[in-house]
Amino acid sequence: MKREITLPVIDTPPERIAQGLFQQRPAEIAVSSIPAVNVASVPQRSPLRYPGGKTWLVPHIRHWLAEPCGVLVEPFAGGGIVSLTAVMEGLAERALMVDLDRDVAALWRAALMHGDELAERVLTFDVTRESVTELEQHCPACVVEHGFRTLVLNRTRRGGVLAPGASLTRSGENGNGIASRWYPETLAKRLAAISEHADRLTFCEGDGAAVLEMTAEIEGVRMFVDAPYTAGGKRAGSRLYAHNAVDHRRIFETLAAAGTDFLMTYDCCDEITELVAEHRFHAVTVEMSNGHNTRISELVITRDRLFA
Ligand SMILES: C[S@@+](CC[C@H](N)C(=O)[O-])C[C@H]1O[C@@H](n2cnc3c(N)ncnc32)[C@H](O)[C@@H]1O
């Protein structure tokens with residue numbers, strides 16, 4: 001099914017846009033020529049089962065990076081599936097992953113710098129409601145233990161949510177309880193693959209918007225931007241992540257001014273489609289099931305027309 005939209009807005013005088021006097025909303029957005037894939041059909045490379053994770057986007061990323069880049073910057077990295085895929089599949093020589101969440105940061109530090117120790121910890125941990133609850137109580141100072149705690153909580157909490165207030169899964173996958181998403185061997189293999197590529201992956205704990213501004217004009221950099229979905233007053237992003245206040249307009253303006261090649265994902269809301277039109281970017285929708293048998297559309301935004 002094609003929902004009709006053409007972006008960008010034609011001939012809107014920039015000064016009127018700047019004054020906010022003219023905000024034409026696109027009437028139609030084309031559906032991407034690449035469908036969302038079943039996540040089971042692409043390699044799962046991240047140890048995290050990340051809420052808002054972009055495994056479904058991997059075919060779009062492969063198409064976008066068909067001509068490999070020097071450095072891929074991922075300012076809102078989360079589970080980092082795009083950086084991992086790009087480096088492991090030779091689509092980027094190096095990747096810089098950024099996230100503001102200290103628990104997520106600990107996981108990436110541990111995985112990239114102490115992968116063997118972390119894998120060993122995974123293989124020897126007995127997941128029970130008691131052992132996980134005990135782990136939950138204290139945040140360790142040691143980076144391996146902190147990263148390990150992040151991984152355990154991520155895989156035992158409902159929906160993988162790490163934000164304050166998230167609860168442990170009750171019945172788990174197929175009623176298999178708290179350990180239903182804890183696959184030690186699989187996780188250890190993913191950690192081993194990450195260690196093998198660690199010399200080409202860098203993680204930075206910090207503000208993604210600031211890193212985006214600092215790196216956007218560097219030659220050879222391409223940006224994958226997947227900020228929390230909080231535009232248009234939506235609350236989904238704020239429930240899922242401890243850090244979720246993002247100035248979406250600032251991101252669009254930085255990318256427009258820098259001329260960097262980028263790919264962004266957002267949920268389909270007026271604020272974002274208006275920003276797309278205003279900056280003369282291109283957007284397509286990708287439709288998928290949200291797991292509750294409801295069809296939802298996400299936006300894939302690029303500078304040039306790529307998927308329509
Ligand atoms: C939609 S998720 C990214 C998901 C990721 N693309 C994946 O496939 O797993 C957004 C991420 O942005 C992070 N975040 C929120 N505000 C941030 C900020 N100002 N700087 C860096 N990261 C931020 C959140 O912690 C969260 O991990």
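Every read-out reported here was derived from the displayed coordinates using simple, explicitly stated rules and does not represent laboratory data. Please read these numbers as outputs of a predicted model, since none were measured by experiment. When we count neighbours, we look across all protein chains shown, and the Cβ atoms used for this are built from the backbone with ideal geometry, even at glycine.
Name the long-range amide H neighbours of TYR229: under 5 Å, sequence gap of 5 or more, or other chain; modelled H, no Pro or chain starts.
The list, which skips near neighbours in sequence, is GLY237.
Of the listed peptides 93-104, 119-130, 139-150, what is their order by residue-averaged count of other C-beta atoms within 10 Å, with the highest listed first?
93-104, 139-150, 119-130
Where in the range 37-79 does the label zone of LEU168 land, with the point 7 angstrom along Cα→C-beta and an amide N cut-off under 19 Å?
Once the point is set 7 Å along Cα→Cβ of LEU168, 49 turn out to lie under 19 Å by backbone N, inside the range 37-79.
What residue among VAL73, ALA86, PHE125 has its Cα farthest toward the positive end of the dipole of the range 65-129, where the charges are +1 on Lys, Arg and -1 on Asp, Glu, each on the Cβ?
PHE125
How far apart, in nm, are two points set 7 Å out from the Cα along the Cα-to-Cβ line at SER238 and at ALA40?
According to this spin-label approximation, the distance is 3.7 nm.
Taking the square root of 5 times each eigenvalue of the Cα gyration tensor, what semi-axes in Å does the equivalent ellipsoid of the range 28-161 have, largest first?
Ellipsoid semi-axes (Å, largest first): 30, 17, 13.
Stretch ARG249-MET214 to full length: gain in nm at 0.36 nm per residue minus the Cα-Cα span? Don't skip to the answer; put the middle values down first.
On the way: separation 35, 0.36 × 35 = 12.60 nm, distance 1.65 nm.
Here the answer is 10.9 nm.
Could you check the spin-label model distance between SER131 and ALA257? Points 7 Å from the Cα along Cα→Cβ, value in nm.
Going by the 7 Å Cα→Cβ label model, 5.1 nm.
First check a/c for the range 36-83, with a ≥ b ≥ c the square roots of the eigenvalues of its C-alpha gyration tensor; if it is under 1.5, answer rounded, and if not, answer prolate when a/b is larger than b/c or oblate otherwise.
Cα axes put the range 36-83 in the oblate bin.
Among 106-118, 294-306, how do they line up from the highest to the lowest mean number of other beta-carbon atoms within 10 Å?
Averaged packing, sorted descending, gives the order 106-118, 294-306.
Using the per-residue mean of other Cβ atoms lying within 10 Å as a proxy for protection, in what order, highest first, do the peptides 49-55, 32-38, 221-227 fall?
221-227, 49-55, 32-38
Apply the Kirkwood formula to the range 263-308: the hydrodynamic radius equals the inverse of the mean of 1/r over all pairs of different alpha-carbon atoms; give it in Å with one decimal.
11.0
By count of other Cβ within 10 Å, fewest leading, how are HIS60, HIS197, HIS138 ordered?
Values: HIS60 25, HIS197 16, HIS138 9.
Ordered from fewest to most neighbouring Cβ atoms within 10 Å, HIS60, HIS197, HIS138 come out as HIS138, HIS197, HIS60.
Can you run phi through the Karplus equation (6.51, -1.76, 1.60; θ = phi - 60°) for the range 214-231 and list ³J(HN,Hα) in whole Hz, with x for Gly and Pro?
6, 10, 4, 9, 6, 5, x, 8, 10, 10, 10, 10, 9, 6, x, 7, 10, 5
What percent of all Cα-Cα pairs in the range 65-109 falls into each 10 Å bin, going from 0 up to the bin containing the maximum distance?
31, 50, 18, 1
Which percent of Cα pairs goes in each bin when the distances of the range 14-302 are cut into 10 angstrom slices starting at zero?
Histogram of Cα-Cα distances, whole percents per bin: 6, 28, 36, 22, 7, 1, 0.
Antiparallel versus total DSSP beta bridges in the chain: what percent is that, nearest 5?
Within the chain, antiparallel bridges account for around 45 percent of the total.
Report, in deg cm²/dmol and to the nearest 500, the calculated mean residue ellipticity at 222 nm for the chain, where each DSSP H run with n ≥ 4 adds -39500 (n - 2.57) and the sum is divided by the residue count.
After summing the helix terms and dividing by the residues of the chain, the value is -10500 deg cm²/dmol.
Could you run the Karplus curve 6.51 cos²θ - 1.76 cosθ + 1.60 with θ = phi - 60° over the range 267-277 and give me ³J(HN,Hα) per residue in whole Hz, x for Gly and Pro?
3J(HN,Hα) across the range 267-277, in whole Hz: 7, 7, 9, 4, 4, 6, 5, 5, 5, 4, 5.
Per residue, how big is the convex hull around the C-alpha atoms of the range 108-231? Give it to me in cubic angstrom, could you?
Details: hull volume 18.3 nm³, N = 124.
In the range 108-231, the Cα convex hull volume per residue is 148 Å³.
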